[in-house]
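Heads up, the thing below is written out as structure tokens.
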Amino acid sequence: MATPVPVLRLPKGPDPNSRGFDPNSPRFIALCRTSISSSAASDTNSEQLQKEQDARSVLREGFLRCLLSMTNKKVQFQMYENVKVEATFGASDIDVLNFQVSDLHTPIGVQKEALIRCQDVISFTFDV
Amino acid sequence: MMQCGWPLMGPLRWLHYLNKEVTVRAGKGEEHRGWLLSVDPVSASVVLVSFGEAVVVRVVMGHAVEAVEVLRAAADDETAKSLRSVFLPPPSPCLDPKELRQRRDAVRRWLQENRIPVEEEGEELKVAGVLTIAAPYSAHDCRSSNQIILDRIQRLIGIQDCTNQGLPL
């Protein structure tokens, strides 16, 4: 008799249609409690929803251009508990939950690569 | 003056603050002043810019915003112009048509040497039917909805640019 082979059930991949913005996806529920969803379609009429979506794209584009211009620049992060750190900005994730930075200057030394949790950040600043 | 319902206000109300000079109160008594460039609809983070000796951008995270107050509802012409151009890439130097054509041919030949299907479509190059390269045909001028192809073509053109300038790869 052939030896039974254990079946590996791979985790379900991300939903190809929503790219993480679907508020019902497991990833969103687990990670993005603070991310803001658009209004539910049932709450607003379609014209209002269209206007809201237009506004969302304009605002998001502006924000993404800001992140783009920040890449490889020195950024000063103002965090809670009066912590100020400086690092070279690398990238952000889609939900603005984590920032990838290099050369993070902390009070206890320089971290070559690090992930900063956006929840810990109050504000950050850089020169264009 | 808005209270800390800032993240709940929504894109339509955030839009009203665009291009206005505001003060943002955040965190532990921080107050930041600047022209509001954008509000991220995903995190409600506020992008402020101030023009002094240098153009300084400050982003206040949405979860930390306590209040946003409008100081000036409209910018003068010069400020409005500066606001529009803060995040735009610097204008590329104008090349004359002959140089542009030479550059386009050089890029096309390089791609063909690397066995990549490329066609000329007017002034632009069309790569594999999914990526467009506009003048002046640098890595930054590539546009495609396919991230993998975009990355590969950008790297390829980057190699050619480095070689031409004698820079290390």
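Observations on the model:
- For the range A:58-82 versus the range B:144-166, the gap between their alpha-carbon centres in whole angstrom: 26 Å
- Residue-by-residue Karplus 3J(HN,Hα) for the range B:33-48, coefficients 6.51, -1.76, 1.60, Hz, glycine and proline x: 10, x, 8, 7, 8, 6, 10, 5, x, 7, 10, 6, 6, 9, 9, 10
- Chain B, accessible area per residue, ligands and nucleic acids excluded (1.4 Å, Å²): 58 Å²
- Cα-based Rg of chain B normalised by 2.2 N^0.38 Å, two decimals: 1.43
- The mean count of C-beta atoms from other chains within 10 Å of the C-beta of residues in B:112-122, rounded to a whole number, is 0.
- Loop sites in the range B:99-169: GluC sites (Glu not before Pro), DSSP, at most 15 other Cβ within 10 Å: B:Glu123
- Restriction of the GluC sites (Glu not before Pro) in the range B:19-87 to DSSP coil positions whose beta-carbon has at most 16 other beta-carbons within 10 angstrom yields B:Glu53.
- Estimated buried accessible area (total), pair A and B, 1.4 Å, Å² to nearest 100: 2900 Å²
- Table column - 3J(HN,Hα) (Hz), the range B:112-122, Karplus curve with 6.51, -1.76, 1.60, x for Gly and Pro: 5, 4, 8, 6, 10, x, 9, 10, 8, 10, x
- Sulfur and carbon atoms: percent of accessible area, the range A:72-126 [1.4 Å]: 51 percent
- In the full protein context, the range A:72-126 carries 53 Å² of accessible surface per residue, based on a 1.4 Å probe and ignoring ligands, DNA and RNA.
- The range B:63-80 versus the range A:98-119: alpha-carbon centroid distance in Å: 30 Å
- Highest-first arrangement of A:105-117, B:131-143, where packing means the average Cβ count within 10 Å: B:131-143, A:105-117
The values are calculated or read from the model by the stated rules, or taken from the named source; none is laboratory data. Quick caveat: nothing in here was measured; it's all calculated off a predicted structure. Ideal geometry is used to build each Cβ from the backbone, glycine not excepted, and the neighbour counts take in all protein chains shown. Side chains are part of the model used for accessible areas, which takes the heavy atoms of the whole protein and leaves out ligands, DNA and RNA. Shrake-Rupley method; radii C 1.70, N 1.55, O 1.52, S 1.80 Å.
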